[in-house]
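Below: one structure, written as structure tokens.
Each reported figure results from applying straightforward, stated rules to the coordinates on display, with no laboratory input. Note that this is a predicted model, so its numbers are computed, not measured. With ideal geometry, Cβ positions are generated from the backbone for all residues, glycine too; neighbour counts draw on all protein chains shown.
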Amino acid sequence: MNSLTARQRTQVIFIAILTAILLLAATFRIYHIIQRPIWTDEGTTTFNLFHFNGQDNLIDGLAARDHHPPLYYYMLQAWVGLTGDSIFAMRYFAALIGILSVALMVPLARVFLTPPLTPPRKRGGEQDWLQKAYWFVPIAAALVLTLSDPDIDLGQEIRFYTLRTLLIILSVIFYMRWIKKPSMRLGIFWTLANVAILHTNYQGAFIMAFEGLHALIFLRGKLRLKAIGWLALCGVLFLPWFIGYGIGQFDNDQGINSTLPSTWDTFVELTYKFLGRIWPLMLGLMLLGVYSLKSSVNSRRSEPPPQPSPVNEGGSKSNKSHNSLSTIWRWVTWDKAFLLVIWIALTLIISFLGNEWFSILSPRRVMLISPAIALLVALGLGRFSNQTKVFLLLVILVYSATSVDDYYPKAPWDKVGEDMRRYAQPGDMALMEIYYDDTVLYYYTDHDMPAGTVVKSLRMWRQFDKDTYPNGVIDLLSQHKTVWFTHWSPDQSGFDFLKQTGHVQTALMTTYWGTNQLNVYRFDVIQPQPVVTYSNGMTLRQFQIDPDKMRVDLWWSADKPLDKDYSVSVFVLDANGQLVAQKDDFPFLNQRPTSSFQPNEVVYDPHSLELSNPQAPLPSGKYTVAVKLYTYYDGQQYPTANGDPWEVIGMIEK
């Protein structure tokens, strides 16, 4: 390294530091990436991707149900084709794009660092601030975006927000480069970035409006007209989607209204999310960063500064004219600062005001301001001495790495899906009445339930298939002996439908999410004739033996309350009467002791049999399956009403 020039050594160090930052960005975005279950917004993505609900293709499905353009969905669809549809794979797509956005902060910062900026004054003369900022500011900007909590959080979601951020950064880079060198190639790149933004998220159009406003105010002559022409071309290229599908999407159901009210409290909340609890420091650095962008104006973009007018005899009128022109000139030297300021300020202002008519105010929807915040903070840091800037950067790093200012708890629908999967059998049906989280549970039922399980959402049935509701629901339920009904809603109609089809509730599994109870009910059609009644008053209503899983399902009832907790023993005997497998429990894996039985209630009771010799599978042959009852504390057995010590319910053949 001693043979390298000073500039080459600086480049090597720069690349090494940037690599470390990208690894840090990857760590923050991948760590715990599958810890949380998918939630409503992600469920919407997966549902649109895998369930077209009768539509012919993805475009028609989005046009009928969603309110977002298709680019992200097509990109994710291609990604899933390569990596599969696991939660990790789909979330990693967003994380990878987020990491690329961090890398793009380097060229974004550098287009704002040219032409030369006004260096700070120091005792003993001026330091070459631009030269040092050219290396430091991009690194600092990349690190600040790396540490941004909203970007980390949304970098772990199956949503389009990180893609929107990436495209917005590209749009601004190409716009600023095009201003400096307005070539056809850069104009095409700028246009492609903007068209991609429009086809990703409608709110991404904000950046085009800001670029257009910047062009109108600061560009001159033909350059201004060309810039407006390129932006107009973006709109023309977007028209086919917007006219054909986009306008109709405004009539689609917007789902759960998760927007925030346009209040001071919301502004404070957004401040904490984007700047953290150290917001005074971050805001101060941003303001200093704005000052840093006072630049000399490129000759392409404006007229040369006005010359002082001769002073007349009174002096006042001529001086006023000169002062006015000087004020205008000072204003146009803030062109780059203006773009970053309106990028942040107008996004918030439009979101707060437009929220009265459209639901657009939420942290994830205004996340497009993150790159501008990161760049201004980095520019502000660059104004300090080396020791001070490193110290402040370490303060931001330590705070961000040890605190979380933006976190969304997710409902544990993965646990709900797992509860159903554990006991479901081929031919079962899954029914949902859980608001808009039904899209989430579709993903888990698709992956957890046995192949061929019919899964239906009552909300979607009412919304998308009104003509067959409710008769179609009742007809479908009548075709399935077992129905898993997930319920989290004040709407009770699903229970009425199940009652009409003769289904009886036999089990309830509850997953707690804070104070919320996410309930899964098992409903079965119970055969009219019981299998056997035992001397303690318990009746075995029906059973099901699964020899492949070595599982035996029982259904119990009692005519009157039981005053004891009876143990149920399901066991398997070989041809010689030797015990080869057994499972003893209170009913439903100890969750429903018999003292909790209500008169005439039917209780589902699965038993996964454990082999007497777990190291050796059962040899070929026929085996007897039997059920007995006893009390564990004294070993007393309770025979059947016929006096048999146990009831033989079937055979297993291996």
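Taking 7 Å steps out from each Cα toward its Cβ at Leu283 and Thr19 produces label points 4.0 nm apart.
Each of Val236, Val290, Val570 has some number of other Cβ atoms within 10 Å of its Cβ, and from fewest to most they run Val236, Val290, Val570. Net charge in the neighbourhood of Gly494 (other residues with Cβ under 14 Å of its Cβ; Lys, Arg +1, Asp, Glu -1) is +1. Which of the pairs Lys456/Lys583; Lys222/Lys336; Lys273/Lys415; Lys564/Lys622 have their Cα atoms more than 23 Å apart in this structure? Exceeds cut-off: Lys456/Lys583; Lys273/Lys415; Lys564/Lys622. Each Lys or Arg adds one and each Asp or Glu takes one away; over the other residues whose Cβ falls under 14 Å from the Cβ of Asp524, this sums to 0. Taking the longest Cα principal axis of the chain as reference, the axis of helix 206-218 is set at about 0 degrees. Calculate the FRET efficiency for Ser478 and Ser362 from the Cβ-Cβ distance with a Förster distance of 60 Å, rounded to the nearest 0.05. For Ser478 and Ser362, the calculated efficiency is 0.90. The stretch between Gln637 and Val111, if pulled fully straight at 0.36 nm per residue, gains 180.9 nm over its current Cα-Cα span. Near Ser612: Cβ cut-off under 12 Å, other residues only, Lys/Arg at +1 and Asp/Glu at -1. The net charge is -1. When you restrict to C-alpha pairs under 8 Å that are six or more residues apart and normalise by the size of the chain, the relative contact order lands at 12 percent. Taking other C-beta atoms within 10 Å as the exposure proxy, Asp548, Asp644, Asp446, Asp414 rank Asp548, Asp644, Asp446, Asp414 from fewest upward. Were the residues from Asp491 through Lys466 laid out at 0.36 nm apart, the gain over their Cα-Cα distance would be 7.4 nm. With neighbour counts taken as other beta-carbon atoms within 10 Å, the residues Ile13, Ile526, Ile369 rank, fewest first, as Ile13, Ile526, Ile369. For the chain, the mean residue ellipticity at 222 nm estimated from helices alone is -15500 deg cm²/dmol, where every DSSP H run of n ≥ 4 contributes -39500 (n - 2.57) and the total is divided by all residues, rounded to the nearest 500.
For the pair Ile34 and Leu353 in one chain, pulling the backbone fully straight at 0.36 nm per residue adds 111.2 nm over the alpha carbon distance. In degrees between 0 and 90, to the nearest 10, how far off the longest principal axis of the chain does helix 184-198 point, with axes built from Cα atoms? It is inclined by approximately 40 degrees.
Given R0 = 22 Å, the distance between the Cβ atoms of Thr515 and Gln598 translates into a calculated FRET efficiency of 0.30. Can you tell me the FRET efficiency between Leu82 and Asp644 if r is taken as the Cβ-Cβ distance and R0 is 51 Å, rounded to the nearest 0.05? Given R0 = 51 Å and the Cβ-Cβ separation, E is 0.25. For the range 413-524, taking the reciprocal of the average inverse distance between every pair of different Cα atoms yields a Kirkwood hydrodynamic radius of 13.9 Å.
Placing one identical point scatterer on every Cα of the chain and ignoring solvent, what is log10 I(q)/I(0) from the Debye formula at q = 0.09, 0.10 Å⁻¹? Taking Cα atoms of the chain as identical point scatterers yields -0.86, -0.98.
Relative to the longest principal axis of the Cα atoms of the chain, helix 40-50 runs at roughly 80 degrees. Taken along the Cα-to-beta-carbon direction at a fixed 7 Å, the label points for Lys180 and Asn576 span 8.8 nm.
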